[in-house]
Structures are given as structure tokens and as C-alpha cells.
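This report refers to the structure that appears directly beneath it.
Values in this text are rule-based calculations from the coordinates and carry no lab data. The structure presented is a predicted model; accordingly, all values stated were derived computationally and were not measured. A quick note on method: Cβ atoms are made from the backbone with ideal geometry, for glycine too, and the neighbour counts reach across all protein chains shown.
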Amino acid sequence: MKKLILAAAITTCAMSVLAQGTINFTTRTSSGSAFVYVGGTAQLQGTNIDYVALGYHLIGASGNTAEASKYMAQLIGAPGSGTAESSLLPSTSPPTTFRTGTAAGNVFPTTATFNNIPLDAATGTFEMVVWDNSSGLYPTWAQASAVAGLSIYGGRSAPFTLSQIGGTVNTPPVPFPGLQNFNVFLVPEPATVSLAGLGAAALLIFRRRK
């Protein structure tokens, strides 16, 4: 009997060590929505930006539906409010992908679990990260973070704080109202920029000679 009690105690302790806070990772709810767009050479954030007018499109939009399964999305986070971005770690749950049709620009809902955030934590700081894994070389944010926006399309939301993190008492919260629209972008390679500049200069010289 003593052995059984000891085993139960050890199991309980092990479970407490592995206790993980959770977030309902969705970008489309009755309390708010956030959309992710593709386009541009810099990060934009906010609901008051006309991304379509800038030539951007929603991930998975009509004509670009193949992107939906190729773009990965994940939450990164850490306990506390206003925690430094450098301290945010990816959820231990796998990245999710995007939807199409009328839900383009939104992710497939999933539960984001964090082994660095305690169950029922009072607050946590989070960001949503998105990157293009069309090549299959970047299945995780750890692999993609160094090249996102540089050699592959990528981006991240502005930091936001959530309260009453999910656990044994709290229901996992959704990322609203903190999460807002943003875009994944790609900075042109220096060689491309140089060639474009040379082309513009040559065109200007040609026009002046005419």
C-alpha cells in the first residue's frame, strides 16, 4: 500500500512539474478577428490599414489558396505583462495553418500550450508569428525566425497581454482584443535593389538623351 501511495505522490508531482498554461489560438471569434496578409517589404500592424489598397492579399485568398497549407502560424509567449520580446518562447503545440474562402487570412483554431507559463497564470505576454514553409525547410519557428522576412515571407504581430491563462480553473482565453491585423513581408535582396536602381538610372539617362 505504501508503495502505491508513494507512486501516486510521485505521479502527482511529475504532473505539476509538467503543468502548462493554455491559450485558445484562434483569429476569428464573435469577440474579434485578426487577419494576416501577404505583401510589402516591411511590417505593418493595425486594423486601420487598407492592406488591399497596398496590393497585399489575405493568406489563402481566392487565387492563392495553396498558401493556406504552406504558411505556418504559432503563438510565442512568456508569463507576466509587458515581458521582453526576447523572452517569448514558442508554444509546445505544433504550428497551425490557414483557412480559405470566406475565412481566408484566419488560422485553423487550435490550443496553444506553453511549458514556460504556469497553469492559471494571472497574465502572459504573447505574439503571433507567421512564416512561409513552402520549401519544407522551416517546419518550426525556431528554424524560421532567423530568415523570416529576409529569405522567406514572415512576420509577427505586435505584443499583446492576456489575463487568466487557461489551466485547471481558467478556460483558455482567446487572443482578443490585443491581437490585430498584420502582414508577412519580404525584404528585397541587396542585389535586386541595386539592379532596380541601375535600371531606373539607365531609363532616366535614356530619356534625357532623347
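Key figures
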item: Any chance GLY166 is buried (at least 22 other Cβ atoms within 10 Å of the Cβ), in contact (Cβ under 8 Å) with a residue 40 or more places away in the chain and over 14 Å from the mean Cα position of the chain (by Cα); result: yes
item: Any hit, the stretch 42-60, residues being among the small types (Gly, Ala, Ser), in contact with a helix residue (DSSP H, G or I) (Cβ under 8 Å, 6 or more places away or on another chain) and on the phi < 0 side of the Ramachandran plot; result: no
item: The stretch 81-96, residues that are over 13 Å from the mean Cα position of the chain (by Cα) and among the aliphatic types (A, V, I, L, M); result: ALA84
item: Filter result for SER135 (polar (S, T, N, Q), within 22 Å of GLY60 (Cβ to Cβ) and crowded, with 23+ Cβ neighbours inside 10 Å); result: no
item: Within the stretch 62-116, considering residues that are of a type in the set (Phe, Trp, Tyr) and touching a residue at least 60 places away in the same chain (Cβ under 8 Å), the one farthest from VAL52 (Cα to Cα); result: PHE114
item: Candidate set: the stretch 138-163, residues that are polar (S, T, N, Q) and touching a strand residue (DSSP E or B) at 6+ places or on another chain (Cβ under 8 Å); chosen: the one surrounded by the fewest Cβ atoms within 10 Å (Cβ to Cβ); result: SER163
item: Qualifying residue in the stretch 127-137 (condition: part of a loop (DSSP other than H, G, I, E, B) and among the charged types (D, E, K, R)); result: no
item: Unmet requirement for LEU54, which otherwise passes all of (1) surrounded by 19 or more Cβ atoms within 10 Å (Cβ to Cβ); (2) free of Cβ contacts under 8 Å to residues at least 24 places away in the same chain; result: (1)
